[in-house]
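To keep things clear, I will list the structure first and then write my remarks on it.
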Amino acid sequence: MEVNNQNIEDILNDEDINKNSIENTNDADYNNTQENKDIFYLPEGNALNEELLYSLSSRKNVELIFLVGPVGSGKTTIEVMTYQIFLCNTFKDLIFAGSLSLKGFEERAINMRIESGKSEPDMERTSINVVNKYLHLAIKNIAINNIHNLLLTDISGEEFENCCNNPALMGSKFRNLQLAKSICFVLDGERLIDVFKRNAALSQVMQFIQTTLDAKLVKHNTLICILLTKYDIVEKNMKKDTSLEDFIKTIDEKINKKFERIQGISVYFQKVSSVNDIRKADKDNSILKLINKWITYNDSSKLQSIDIYSNSDKKLVNEFNRFGVKNEGCE
C-alpha cells in the first residue's frame, strides 16, 4: 500500500501534533487555529524532555524503548537508523507516520550522511548534559491500521557508567526504566574484536543488567533486547579469529541466566550492522527486524499488578503531579 493523500491527511490531523503545537503557541496563535481550520502549527521538532514526555503519554499510548549501554557503543546510531530506514526504503507493512522530534533526528543524523563531508559515518557522542532525551517516532502498521508511538531514549553512556555499580543511584536516576516496553542493552561489537577487551566489554554490559535488576527496574513481561552493534566489522574479523565466533555464541546463554528469576521475561538477541544495513531488503534488514520486534511484542499484562519482588520491597508512589501541572483549585 503506497502513501497517498489520505495517509498524509491522517498524519496532519494527528492529535499529538496539533495538541503539542497548541501548547507551544501563544493565545493569538491559538485563537487563529480556531478561526482557520486549514492552518496547522507544527512542533519545534526537538527531542522531548520529561515534561513533554509525560504530556504526550497522557494523551496517547506510547511505547518507551530504553537503550542502555556504555560510551561509544552505538545507542544513538541505532536510534537514528530507526528513523533513516523510512527515508531509504518502502516496506510492505510499515510506513513512517510522523514525528514530534524530526529536528532532533536530523541533528543526530547529519554525520551519517555523505553531505557531512566525512568519508566514514561518525556519530557524535551524546553529551551527559542533554535534557531532551526522548526521540518520538510514529510508525503505522498498515496490515492492522494501527499507529505505534515509539519513544527512543538518547542518554549518554557516561550516565549509565556512573550508575553501573550503584543500584540506588540507578533506581533514582532512571526510574522511567520501569515504564519501558523494551529495555535494550547495547554491546559494542568493535570491542569484542580485541581478545584483550572482549571479556571486559561483556562484563560491563552484564554489570549494567545486574544493577538494573538490583534496582528493581525490570518488570514482568518487559522485552529485553541484547543488541550486538557494528556486526559487519565483527563478521570480517571472525574469518581471522575463530575464537571470536565461539565467544559470541556464549553471550546469549550467559545473559538469559540473569533473567531466569523473573517470570515472563523475553530476551531477544539481535546483531546490528553498520548504517548501510538500512538499505537492505526486508529479510536482511537488522533494524527492520528490531522495529518489528518492538511493535509486535505483546505486553498486554505489563500494566497489571506485578508480583516479582517481595512484599517488603513494594511502596505506593504518586506520579500524577510529578511536574506540578495539577490544578490546585481542584483539591
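Read-outs throughout are calculated quantities, based only on the coordinates presented, and are distinct from any laboratory measurement. Predicted, not measured: the structure shown is a model, and the values here were computed from it. Note: ideal-geometry Cβ built from the backbone for every residue, glycine included; neighbour counts use all protein chains shown.
With 19 Å as the limit on Cα-Cα distance, the pairs of K140/K293; K219/K249; K60/K140; K173/K219; K216/K258 that go past it are K219/K249. Work out the FRET efficiency for I142 and S243 from their Cβ-Cβ distance, taking R0 = 45 Å, and round it to the nearest 0.05. FRET efficiency, I142 to S243: 0.50.
Using C-alpha pairs under 8 Å with a sequence gap of at least 6, the mean separation divided by the residue count of region 44-300 gives a relative contact order of 23 percent. Dimensions of region 131-170 from C-alpha coordinates, computed as largest minus smallest value along each principal axis and given longest first, are 44, 19, 12 Å. On the basis of the beta-carbon distance and an R0 of 22 Å, D252 and F196 show a calculated FRET efficiency of 0.45. Along the Cα-to-Cβ line of V267, 7 Å from the Cα, sits a label point; which residues in region 159-187 have backbone N less than 18 Å from it? The answer is 182-187, whose backbone nitrogens lie closer than 18 Å to the label point.
Counted by neighbouring Cβ atoms within 10 Å, the residues V62, V205 run from fewest to most as V62, V205. With Cα atoms as the point set, the radius of gyration and Dmax of region 44-300 evaluate to 17.6, 53 Å. The share of alpha-carbon pairs in region 123-242 lying farther apart than 20 Å comes to 54%. May I ask for log10 I(q)/I(0) of region 180-269 at q = 0.18, 0.22, 0.26 Å⁻¹, from a Debye sum over the Cα atoms as equal point scatterers with solvent left out? Listed by q, the Debye log ratios stand at -0.78, -1.07, -1.36.
Distance from the Cα centroid of region 73-111 to that of region 217-257 is 24 Å (rounded to whole angstrom).
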